[in-house]
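To keep things clear, I will list the structure first and then write my remarks on it.
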Amino acid sequence: MIVFLIVALTIIAGAILLVTNRPSPVQITINPPQSTQTPLPTMTTSPLTIYVTGEVLNSAQLYTLPAGSRVEDVIQLAGGFTDTADRERVNLAALLRDGDQIHIPAIGQSVELPTVNAPLIVLINQATIEEIDTLPGIGPELASRIVEYREVNGPFADVAALDEVEGVGPSLLEAIGPLVSFE
């Protein structure tokens, strides 16, 4: 019985020792690598070549301007309006597109030339936010989402691919379909 008691005490003492002197758990720390910023691709736009005729100081000439320029910019390059220019018939805020002809009519002139070529076809896979914003039903915010989607996912194959952009739906696709190109 004494042997049994000694063995039982030894087992109990061993269990207490084992529980109280348990090794601390190993703590694993994972240090992820520092993230690197990958620059997004940018759409480098070509300069615009504009033909200006009519009532400007330097008429019937070609002018080169940066993308995003407006009619007012090319009129300034052409030396400004003459005294006989009908300024009321010119939209100075219109965005220019490569190859536009801007005609500044004289006061009382009956010739109706557009100040900007129409219809405007937007090259959706190359267009800037400002150019996309000229499409009916598209504001600057939606134009920005279209450019962002294009930069992340690549060029649009056709008008139906635009439906993937948040805010573009069937009625908008129908309205802009004839005004966009996917070259």
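Confirm whether Asp86 is of a type in the set (Asp, Glu) and at pLDDT below 85.
Working: of a type in the set (Asp, Glu): yes; at pLDDT below 85: no.
Here the answer is no, as Asp86 does not meet what is asked.
Of the residues that sit in segment 46-62 and are surrounded by 17 or more Cβ atoms within 10 Å (Cβ to Cβ) and under 23 Å from Ile129 (Cβ atoms), which one is nearest to the chain's Cα centre (by Cα)?
Of the residues in segment 46-62, the ones surrounded by 17 or more Cβ atoms within 10 Å (Cβ to Cβ) are 48, 50, 52, 54-56.
Those left that are additionally under 23 Å from Ile129 (Cβ atoms): 48, 50.
Working: Leu48: 19, Ile50: 24 Å.
Among those residues, the one meeting the criterion is Leu48.
If I filter segment 76-86 down to residues being outside any loop (DSSP other than H, G, I, E, B) and over 33 Å from the mean Cα position of the chain (by Cα), which single residue comes out as nearest to Ser110 (Cα to Cα)? Working first, answer last.
Within segment 76-86, the subset outside any loop (DSSP other than H, G, I, E, B) is 76-77, 81, 85.
Subset that is over 33 Å from the mean Cα position of the chain (by Cα): 81, 85.
Numbers: Phe81: 18, Ala85: 13 Å.
In this case the residue turns out to be Ala85.
If I filter segment 129-149 for residues that are hydrophobic (A, V, I, L, M, F, W, C), within 22 Å of Pro47 (Cβ to Cβ), assigned by TED's automatic domain parsing to the domain that holds Gln61 and not in a loop (DSSP other than H, G, I, E, B), do I get at least one hit?
No, the conditions are met nowhere in segment 129-149.
Hey, among the residues in segment 164-180 that are loosely packed, with under 12 Cβ neighbours inside 10 Å and closer than 13 Å to Ile124 by Cβ, which one's farthest from the chain's Cα centre (by Cα)?
The qualifying residue farthest from the chain's Cα centre (by Cα) is Pro178.
Just a yes or no: is a residue in segment 124-145 surrounded by 18 or more Cβ atoms within 10 Å (Cβ to Cβ), modelled with pLDDT under 90 and more than 16 Å from the chain's Cα centre (by Cα)?
The answer is no; no qualifying residue exists.
So, in segment 46-72, exactly how many residues are among the hydrophobic types (A, V, I, L, M, F, W, C), out of contact with any helix residue (DSSP H, G or I) (no Cβ under 9 Å at 6 or more places or on another chain) and either part of a loop (DSSP other than H, G, I, E, B) or assigned by TED's automatic domain parsing to the domain that holds Ala127 (or both)? Talk me through it step by step, then tell me what you get.
The initial filter retains those residues of segment 46-72 that are among the hydrophobic types (A, V, I, L, M, F, W, C), namely 48, 50, 52, 56-57, 60, 62, 65, 67, 71.
Subset that is out of contact with any helix residue (DSSP H, G or I) (no Cβ under 9 Å at 6 or more places or on another chain): 57, 60, 62, 71.
The next check asks that each one be either part of a loop (DSSP other than H, G, I, E, B) or assigned by TED's automatic domain parsing to the domain that holds Ala127 (or both); those that pass are 57, 60.
Matching residues across segment 46-72 total 2.
Looking at (1) exposed (fewer than 15 other Cβ atoms within 10 Å of the Cβ); (2) within 9 Å of the chain's Cα centre (by Cα), which is the one condition that is false for Asn153?
(2)
Let's see how each residue does on (1) in the same structural domain as Thr134 (by TED's automatic domain parsing); (2) assigned to a loop (DSSP other than H, G, I, E, B); (3) over 25 Å from Ile129 (Cα atoms); (4) of a type in the set (Lys, Arg):
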| position | (1), (2), (3), (4) |
| --- | --- |
| Phe4 | no, no, yes, no |
| Ala8 | no, no, yes, no |
| Leu17 | no, no, yes, no |
| Gln27 | no, yes, yes, no |
| Pro32 | no, yes, yes, no |
| Val74 | no, no, no, no |
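State which residue is surrounded by the most Cβ atoms within 10 Å (Cβ to Cβ) when the search covers only segment 72-106 and only residues that are small (Gly, Ala, Ser) and more than 18 Å from Ser46 (Cβ to Cβ).
If we take residues in segment 72-106 being small (Gly, Ala, Ser) and more than 18 Å from Ser46 (Cβ to Cβ), then Ala78 is surrounded by the most Cβ atoms within 10 Å (Cβ to Cβ).
The values are calculated or read from the model by the stated rules, or taken from the named source; none is laboratory data. Please read these numbers as outputs of a predicted model, since none were measured by experiment. No Cβ is skipped: glycine too gets one built from the backbone with ideal geometry, and neighbour counts run over all protein chains shown.
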